[in-house]
1. Under the 0.36 nm per residue contour assumption, what length would be gained going from the current alpha-carbon distance of K120 and T181 to full extension?
2. Skipping prolines and chain starts, which residues have an amide H placed within reach, meaning under 5 Å, of the one on G306, given they are 5 or more residues away or on another chain?
3. Pop out the carbon and sulfur fraction of the accessible area of the range 1-125 as a percent, whole number, probe 1.4 Å.
4. Give the accessible surface of the range 156-268 per residue, rounded to a whole number of Å², with probe radius 1.4 Å and ligands, DNA and RNA excluded.
5. Suppose each label sits 7 Å from its Cα in the direction of the beta carbon; what would the L189-T249 distance come out to in nanometres?
6. Does anything in the range 180-208 have its amide N under 15 Å from the 7 Å Cα→Cβ label point of D242, and if so which residues?
7. At 0.36 nm per residue, minus the direct Cα-Cα distance, what do L220 and K268 gain on full extension? Give it in nm, one decimal, please.
8. Kindly flag which residue pairs out of K13/K58; K58/K268; K2/K58; K2/K238; K120/K238 have an alpha-carbon separation exceeding 26 Å in this structure.
Amino acid sequence: MKEIRTAALVASKLKQWGMTVIEGVGRLGVIGILKSNAPGSRSIGLRADMDALELTEKNDVPYVSTNPGVMHACGHDGHTTTLLGAAKYLAENRDSFCGTVYFIFQPAEEKDDGALAMIKDKLFDRFPMDAVYGQHNRPNLAIGQFAIRPGPMMAADDTWIVIFRGTGGHGASPHLATDVTVLLAQFLLSLQTIVSRNIAPTDAAVVSVGAIESGSFGSLNVLPSEIRIGGTARSFTKEVRDTIERRMTELAHGIAANFGCTAEIQYKRVGIPLVNHVQSTERAIRAAESLVGAPNVNGNITPTMGGEDFANMLEQRPGAYILIGNGMQSDSGEFKSCDKPTGASAGWWQSFKRIQDGKENIIPFVTCIQCKTILSYDAQKTGSKTLKLHYENCKIRPVIAPKITTHFTSQKYDKVSIHCEYWSYGHE
């Protein structure tokens, strides 16, 4: 919840494009409201996260973070850029849809509490929407490709900490102490049996250790009296989640007792599984296919154990969450997609209903994070079958443009006109 300048920048852009803007939703969330020129009763929410990670960026790139200890390591700057691009385009083309679009810019996704904060601030009561959609860039998925699946797609995200307490002592006289370091070694090995022996092989689960804390490197001859270990646990079902917490608690208390120590367990259920709604997923797939063609859209990706608090919004409204390729890892093992001329994350935003004729109007978008060009097109077939493509001078053009041209040439458009449109967005 520190996205003060980013939230202000987003609100300023939305106001500049003539939208009604509500700030401070869930503390720092921003909502842009856009209504079509033609009357329409349907509404849709498009959500992007705009927070960063608490990391010091050491990259040597033009867009390196200027804030020490904070960087967009997860690509949320690209998500914000893309949704702003969609907002700008639709604000300038209000005849291209019917109804209301709510642009949702969410803080604190990495802390797993931004979505809940907005929901608790009556997001869906104050801004009634029929469906809500989100997206995320995906490393090692080729540029110009999309991936999604109906049903469970991302896991519940839990955190846990176990504290073992015993009697400290001198390293030369370990028999006079209850050595919590040996206890920890036993616990570490036993943790791995939860997934391998307590969870059915057909269920997915992860228990990982992320931190261990004890003792002092300034006093290496001292046996500590307390040691802390913590990590993450991931699962897709309540039953598996319950089993992980129960077995972790049993193992910690049982092993501690065997060593004459005590255990304190702090298990926090942070997020819920992200579950895509079937019909919304089908619409998301059609939108992606209209942009890059069906061969470049994986509609049944293997679920990932990563967590995402957009799951809380999908629990409130129908919708879907899609992954967008932002490039493959290089042969050297480095991943620098966004700072190379042809490297960019693709952005996508899905459909709005034309209520008057019962047909869908799908307007996808691609935004090049590197050069900030909005790459978009109007997929409506007009009477003269003229298609407008916006991509000239964009560094993603060599990857995406041929696919767009091939796709719409096959639909026998008589004319294709090209237009370049730049806009400004500042990275934090």
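1. Length gained, K120 through T181: 17.7 nm.
2. A155
3. 50
4. Result: 53 Å² of accessible area for each residue.
5. Output for this residue pair reads 2.6 nm.
6. Under 15 Å, as judged by backbone N against the label point of D242, lie 199-200 of the range 180-208.
7. 14.0 nm
8. From the list (K13/K58; K58/K268; K2/K58; K2/K238; K120/K238), the Cα-Cα distance tops 26 Å for K13/K58; K58/K268; K2/K238.
The values are calculated or read from the model by the stated rules, or taken from the named source; none is laboratory data. Here the structure is a predicted model, which is why all the values come from computation and not from measurement. No Cβ is skipped: glycine too gets one built from the backbone with ideal geometry, and neighbour counts run over all protein chains shown. To get the accessible areas, we keep the full protein, side chains included, count just its heavy atoms, and leave off ligands, DNA and RNA. Shrake-Rupley method; radii C 1.70, N 1.55, O 1.52, S 1.80 Å.
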